[in-house]
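J.: Quick one: structure below, then a few questions.
The values are calculated or read from the model by the stated rules, or taken from the named source; none is laboratory data. Worth saying up front: this structure is predicted, and the values here are computed from it rather than measured. For neighbour counting, all protein chains shown are included, and Cβ atoms are generated from backbone atoms with ideal geometry for every residue, glycine included.
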Amino acid sequence: MQDGSYASWAYRALSFLVVSCPCALVISIPLSFFGGIGGASKIGILIKGSNYLEALSNTEIVVFDKTGTLTEGVFEVQEINAIEITKEKLLELTAYCEKYSNHPIAESIKKAYGKEIDESKIKKTEEISGHGISAKIENENILVGNEKLMKENNIEVKSSGGYGTILHIAVNNKYVGNILIADKIKEDSKKTIEILKKQGIKKTVMLTGDREEVGKDVANKLKLDEVYTNLLPDGKAEKVEILKKEKSKKGKLAFVGDGINDSPVLVMADIGVAMGGLGADAAIEASDIVIMTDEPSKITSAINLSKRTMRIVKENIIFAISIKILVLILSALGISNMWEAVFADVGVSVIAIINALRMLRVKE
């Protein structure tokens with residue numbers, strides 16, 4: 001063929017057309033994300049979309065709830081401090097109030113009571129978000145909750161010096177005692193914080209509705225950067241809004257929680273991560289990522305997976321575009337043939353797909 005012939009230019013144009021097909025990019029990039037999501041599911045991490053997988057790679061701030069997230073959420077009654085009634089009666093009243101709650105604290109109360117609860121005695125129960133429970137048991141009005149609930153009802157409380165969560169109980173607006181419940185830190189929580197810092201996370205924060213001394217004790221043991229205590233759900237939302245201003249333009253804030261009170265914060269955060277084992281249904285539904293095993297260390301695995309996915313995506317983009325540009329130039333100059341053009345299209349697509357499939361080989 002002569003350079004100036006129509007056949008020569010037609011051949012070059014066809015080669016150019018074959019090479020310019022974007023198959024390698026169109027197929028391999030989504031496949032990389034699908035592989036990342038599939039690989040994450042193998043290790044018990046459910047990611048609800050490729051956009052959340054991508055966002056994880058830019059995480060700068062990780063905010064944790066305490067109960068059920070960094071701690072086991074398996075409470076045990078440590079002390080029962082009754083005033084003017086017996087300890088047995090105090091525990092019974094509290095168990096009746098907590099009958100319909102699935103909160104870990106409520107479960108520990110019912111477990112400690114250990115008797116069958118007569119539902120006919122429960123006339124009314126109302127959960128007061130971030131405070132506790134108001135109930136009518138037979139003819140008595142019962143309040144069970146934190147110190148804020150008591151103060152709002154002008155009830156003077158008596159504090160307990162023990163470490164843990166304190167439930168205050170009042171009958172007909174009269175203070176009758178408190179119950180001390182203790183939780184313990186999950187085995188992999190400290191390791192999680194250490195790995196997050198090695199991964200380049202700028203700040204780790206804990207938000208909790210517990211007392212200051214309880215929150216600070218956990219934060220010090222885990223070496224968290226910041227801790228905020230005595231927070232109601234709206235208080236957690238306000239803190240997250242403030243923390244979001246501290247990240248860079250491309251940076252992301254991830255919130256990890258498990259309770260129904262965490263749902264607004266999970267929605268507000270750039271990436272909402274819910275604990276799927278003990279977590280409330282509302283929190284799981286509101287989240288972008290669900291950790292099925294309730295292990296906080298899985299958030300570090302998810303971040304690693306996200307960064308690996310983005311690395312493979314970039315490899316595929318650079319490889320595919322580089323080969324295509326090279327062969328396009330050669331095709332335009334009439335140096336390459338149709339087989340090289342086919343390789344630059346189909347061959348590059350196959351190589352990029354094989355590279356994307358590496359995401360399925362996931363190690364925790």
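J.: Name the residue, out of 329, 321, 299, that is out of contact with any helix residue (DSSP H, G or I) (no Cβ under 6 Å at 6 or more places or on another chain), assigned by TED's automatic domain parsing to the domain that holds residue 29 and either charged (D, E, K, R) or without any contact (Cβ under 8 Å) to a residue 12 or more places away in the chain (or both).
T.: Going through 329, 321, 299 in turn, just one is out of contact with any helix residue (DSSP H, G or I) (no Cβ under 6 Å at 6 or more places or on another chain), assigned by TED's automatic domain parsing to the domain that holds residue 29 and either charged (D, E, K, R) or without any contact (Cβ under 8 Å) to a residue 12 or more places away in the chain (or both): 329.
J.: Out of all the residues in the stretch 57-68, is one or more exposed (fewer than 13 other Cβ atoms within 10 Å of the Cβ), closer than 19 Å to residue 307 by Cα, within 45 Å of the chain's Cα centre (by Cα) and in contact (Cβ under 8 Å) with a residue 12 or more places away in the chain?
T.: Among the residues of the stretch 57-68, not one is exposed (fewer than 13 other Cβ atoms within 10 Å of the Cβ), closer than 19 Å to residue 307 by Cα, within 45 Å of the chain's Cα centre (by Cα) and in contact (Cβ under 8 Å) with a residue 12 or more places away in the chain, which makes the answer no.
J.: Let me ask something else. Identify the residue in the stretch 122-143 that is surrounded by 15 or more Cβ atoms within 10 Å (Cβ to Cβ) and among the charged types (D, E, K, R) and, among all such residues, is farthest from residue 174 (Cα to Cα).
T.: Here the residue is 127.
J.: Further question on the same structure: Given (1) under 20 Å from residue 68 (Cα atoms); (2) outside any strand (DSSP E or B); (3) outside the structural domain of residue 300 (by TED's automatic domain parsing), identify the lone condition not met by residue 167.
T.: (2) is the only condition that residue 167 fails.
J.: If you don't mind, another one. Pick from 100, 96: which is over 25 Å from the mean Cα position of the chain (by Cα), free of Cβ contacts under 8 Å to residues at least 40 places away in the same chain and over 30 Å from residue 249 (Cα atoms)? Step through it out loud before you land on a result.
T.: Working: 96 fails: free of Cβ contacts under 8 Å to residues at least 40 places away in the same chain.
Just a single option satisfies the conditions, and that option is 100.
J.: Does at least one position in the stretch 182-199 carry a residue that is among the hydroxyl-bearing types (Ser, Thr, Tyr) and either out of contact with any helix residue (DSSP H, G or I) (no Cβ under 8 Å at 6 or more places or on another chain) or more than 27 Å from residue 306 (Cβ to Cβ) (or both)?
T.: No - not one qualifying residue is present in the stretch 182-199.
J.: On the basis of being more than 21 Å from residue 195 (Cβ to Cβ) and buried (at least 20 other Cβ atoms within 10 Å of the Cβ), does residue 50 make the cut?
T.: For residue 50, the condition - more than 21 Å from residue 195 (Cβ to Cβ) and buried (at least 20 other Cβ atoms within 10 Å of the Cβ) - is not met.
J.: Here's another thing I want to ask about it. Would you check which residues across the stretch 8-40 are in contact (Cβ under 8 Å) with a residue 24 or more places away in the chain and more than 45 Å from the chain's Cα centre (by Cα) and list them?
T.: 8, 11, 12, 14, 15, 16
J.: Going by the structure shown, is residue 286 modelled with pLDDT under 85 and within 30 Å of residue 127 (Cα to Cα)?
T.: The answer is yes for residue 286.
J.: Among the residues of the stretch 332-341, which ones are among the aliphatic types (A, V, I, L, M) and either surrounded by 15 or more Cβ atoms within 10 Å (Cβ to Cβ) or not assigned by TED's automatic domain parsing to the domain that holds residue 30 (or both)?
T.: Just the residues of the stretch 332-341 that are among the aliphatic types (A, V, I, L, M), to begin with: 332-333, 335, 338, 341.
Residue satisfying the conditions is 341 alone.
J.: Under 9 Å between Cβ atoms, which residue pairs at least 6 apart in sequence (or on different chains) link something in the stretch 302-313 that is surrounded by fewer than 22 Cβ atoms within 10 Å (Cβ to Cβ) with a partner that is among the acidic types (Asp, Glu) and modelled with pLDDT of 90 or more?
T.: Matching pairs, first to second residue: 310/54.
J.: Here is a follow-up. Do the conditions hold for residue 114, that is, is it surrounded by 22 or more Cβ atoms within 10 Å (Cβ to Cβ) and among the small types (Gly, Ala, Ser)?
T.: no
J.: Does residue 40 fit the bill of being in a helix (DSSP H, G or I) and either in contact with a Gly (Cβ under 7 Å, 6 or more places away or on another chain) or surrounded by 22 or more Cβ atoms within 10 Å (Cβ to Cβ) (or both)?
T.: Yes: the conditions hold for residue 40.
J.: Can you name the residue in the stretch 321-331 that is surrounded by fewer than 17 Cβ atoms within 10 Å (Cβ to Cβ) and of a type in the set (Val, Ile, Thr) and, of all such residues, is nearest to residue 351 (Cα to Cα)?
T.: Among those residues, the one meeting the criterion is 321.
One line per residue, one yes/no per condition, for (1) out of contact with any Gly (no Cβ under 6 Å at 6 or more places or on another chain); (2) surrounded by fewer than 18 Cβ atoms within 10 Å (Cβ to Cβ):
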| site | (1), (2) |
| --- | --- |
| 192 | yes, no |
| 204 | yes, no |
| 231 | no, no |
| 243 | yes, no |
| 246 | yes, yes |
| 250 | yes, yes |
| 262 | yes, no |
| 265 | yes, no |
| 276 | yes, no |
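J.: Only residues that are of a type in the set (S, T, N, Q) and in contact with a strand residue (DSSP E or B) (Cβ under 9 Å, 6 or more places away or on another chain): list them for the stretch 50-100, please.
T.: 57, 58, 59, 67, 69, 71, 78, 81, 94
J.: If you take the residues of the stretch 157-173 that are modelled with pLDDT of 90 or more and surrounded by fewer than 13 Cβ atoms within 10 Å (Cβ to Cβ), which of them is nearest to residue 218 (Cα to Cα)?
T.: Once the filter is applied, the top-ranked residue is 173.
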